[in-house]
1. For residue 123, state whether it is surrounded by fewer than 17 Cβ atoms within 10 Å (Cβ to Cβ) and under 30 Å from residue 239 (Cα atoms).
2. Which one of these is charged (D, E, K, R), closer than 22 Å to residue 24 by Cβ and in contact (Cβ under 8 Å) with a residue 24 or more places away in the chain: 176, 172?
3. Please work out if residue 29 is touching a residue at least 24 places away in the same chain (Cβ under 8 Å), within 20 Å of residue 227 (Cβ to Cβ) and aromatic (Phe, Trp, Tyr).
4. In the list 229, 234, which residue meets the criterion of being free of Cβ contacts under 8 Å to residues at least 12 places away in the same chain, surrounded by fewer than 21 Cβ atoms within 10 Å (Cβ to Cβ) and closer than 15 Å to residue 115 by Cα?
5. Just give me the residues in region 68-84 being free of Cβ contacts under 8 Å to residues at least 40 places away in the same chain and acidic (Asp, Glu), in sequence order.
6. Do the conditions hold for residue 85, that is, is it among the β-branched types (Val, Ile, Thr) and within 14 Å of residue 32 (Cα to Cα)?
7. For region 128-151, enumerate the residues that are farther than 18 Å from residue 172 by Cβ, part of a loop (DSSP other than H, G, I, E, B) and either touching a helix residue (DSSP H, G or I) at 6+ places or on another chain (Cβ under 9 Å) or free of Cβ contacts under 8 Å to residues at least 12 places away in the same chain (or both).
Amino acid sequence: MKTSHHTKKTENIQKQEEITAHSSKALLFELENLIINERELQFKALCNVMEKRDIKITEIDFIRFCVDKPSSDFIPKILALKEKTRLSKEKLEEEIEKQTRELIQGKEVRVNEKAISLLKKAVDKEIILGALSHWDIDTAADMAIRLNLDIPQSSMATSSSNWFIAKGEAWKQLSKTLGIPPKKSLSLVTSARSLKFSLYAGIPAIALPDKFTSAHDFGGSDFVFESLNDHAINTILTCMEDL
């Protein structure tokens, strides 16, 4: 008799919960920016919304003003730069968030299969997984389900309202939620800001920048990998063993 996908997934989540009960180490990661290409989708959403107002947004604009910054911060700066300050900032924020949500639920989402492979290998070594999301917990949990990530909601933390100002509280909260001390955790970060927050929380980090964050200063990280290849995966797992 074949095991259904739902049954298999339930078993995998139960395995994660069992690991959480006795493991002493945790691998923490950014759900959106490591597992999927959310920054690309954010850029597209921003371009689509601004194009309706005859405002052209370049990748340089996005990198300079928007990456890892709240829309309440970057929208006024972009409007000032493009001399469109009379437009409603609140309306733009709503439209950008709506379009981003639609895009991450659509067909343009690209899954980082190497990251998925890394997480599976970590589970095989009985390492707890912890996912950090900047969305609310329901959106994050739904995303994990759609991506076939076998992570229980109890192993997630969100920072939907304070990701940009929490100074490490989000990573610290995730470590605390899992019951693992920061020094026994390792975070996978994709930006300098995320790295700063992780180090502030006392959690060592490995940087995996994307094309929008490749110029960031990742000083303080244990390693910086331009791509998550086999060498990077093996190094991360070795770092976990050495914690």
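Laboratory data are not the source of any read-out in this text; all were calculated from the coordinates shown. Just so we're clear, the structure is a prediction, and the values are computed from it rather than from any experiment. Heads up, the Cβs are rebuilt from the backbone with ideal geometry, glycines too, and the neighbour counts pull from every protein chain shown.
1. Numbers: surrounded by fewer than 17 Cβ atoms within 10 Å (Cβ to Cβ): no; under 30 Å from residue 239 (Cα atoms): yes.
No, not satisfied.
2. Result: 172 is the single residue among 176, 172 that is charged (D, E, K, R), closer than 22 Å to residue 24 by Cβ and in contact (Cβ under 8 Å) with a residue 24 or more places away in the chain.
3. Considered against the rule, which asks whether it is touching a residue at least 24 places away in the same chain (Cβ under 8 Å), within 20 Å of residue 227 (Cβ to Cβ) and aromatic (Phe, Trp, Tyr), residue 29 comes out as yes.
4. So the residue among 229, 234 that is free of Cβ contacts under 8 Å to residues at least 12 places away in the same chain, surrounded by fewer than 21 Cβ atoms within 10 Å (Cβ to Cβ) and closer than 15 Å to residue 115 by Cα is 234.
5. 83
6. The answer is no for residue 85.
7. Taking region 128-151 as the starting set, the residues that turn out to be farther than 18 Å from residue 172 by Cβ are 135-136, 138-139, 141-151.
This time we only want the ones that are part of a loop (DSSP other than H, G, I, E, B), so: 135-136, 147-151.
Answer for region 128-151, where residues must be farther than 18 Å from residue 172 by Cβ, part of a loop (DSSP other than H, G, I, E, B) and either touching a helix residue (DSSP H, G or I) at 6+ places or on another chain (Cβ under 9 Å) or free of Cβ contacts under 8 Å to residues at least 12 places away in the same chain (or both): 135, 147, 148, 149, 150, 151.
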